[in-house]
Amino acid sequence: MIWDILIAKIEAAGLAAAGNDMFINDFPAEVDTGVMLKSPLAGIAIDPNLPGYYTPNLQIIVRHKDPVEGEKLAAKLNHILYVEAPERYEQTAERGAVQINIFRARSLPIRYPRQEGGSIEWSLNYSTSFTIQARS
């Protein structure tokens, strides 16, 4: 998966830090302000005719107590994660080399009502296209 690439972009922009206020697939209830990268509930489809090529719709959840600051954080995430020309990333110990072809918002952020703790959440939904080569 490409979580490490997205995390690096978000951290480089100073928007969140992994394990502190950025999480994958689990958002601790005690975190009032943060970001969660979320895998699709139905998984990521594979095509036996196109090995290593994926086009999932990915989701990021933003949580913030301040509605204005939460909207700003969502907009910044949409801006820094946007890809429409191929970006290439070297293989790591966890995954093969990656090429991200497209990563763009499918809609404006969807705002959800305040939670019991007073935070508000926004759902950011992305269309993506990327390849992951088999590790050598």
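The values are calculated or read from the model by the stated rules, or taken from the named source; none is laboratory data. Owing to the predicted nature of the structure, the values given are computational and were not obtained by experimental measurement. Methodologically, a virtual Cβ is constructed for each residue, glycine included, from the backbone with ideal geometry; neighbour enumeration extends over all protein chains shown.
Observations, loosely collected:
- Qualifying residue in the range 106-127 (condition: in a loop (DSSP other than H, G, I, E, B) and either hydroxyl-bearing (S, T, Y) or in contact with a Cys (Cβ under 9 Å, 6 or more places away or on another chain) (or both)): yes
- Condition check for G70 on (1) surrounded by fewer than 17 Cβ atoms within 10 Å (Cβ to Cβ); (2) of a type outside the set (F, W, Y); (3) touching a residue at least 40 places away in the same chain (Cβ under 8 Å); (4) in a helix (DSSP H, G or I): one failure, at (1).
- Inter-residue pairs, beta-carbon under 6 Å, first of a type in the set (S, T, N, Q) and in the range 75-91, second modelled with pLDDT of 95 or more and surrounded by 14 or more Cβ atoms within 10 Å (Cβ to Cβ), 6+ apart: N78/A105; Q91/A97
- For the range 4-23, the set of residues classified as surrounded by 16 or more Cβ atoms within 10 Å (Cβ to Cβ) and without any contact (Cβ under 8 Å) to a residue 40 or more places away in the chain consists of I7, A16, A18, D21, M22, F23, listed by residue number.
- Applying a threshold of 6 Å to beta carbon distances and a minimum spacing of six or more residues, or different chains, the list of pairs starting in the range 42-66 at a residue that is farther than 21 Å from I100 by Cβ and ending at one that is in a loop (DSSP other than H, G, I, E, B) reads R63/S119; H64/T33; K65/D32; K65/G118; K65/S119.
- Positions within the range 83-115 being farther than 22 Å from Q59 by Cβ and exposed (fewer than 13 other Cβ atoms within 10 Å of the Cβ), in sequence order: A85, P86, R88, E90, T92, A93
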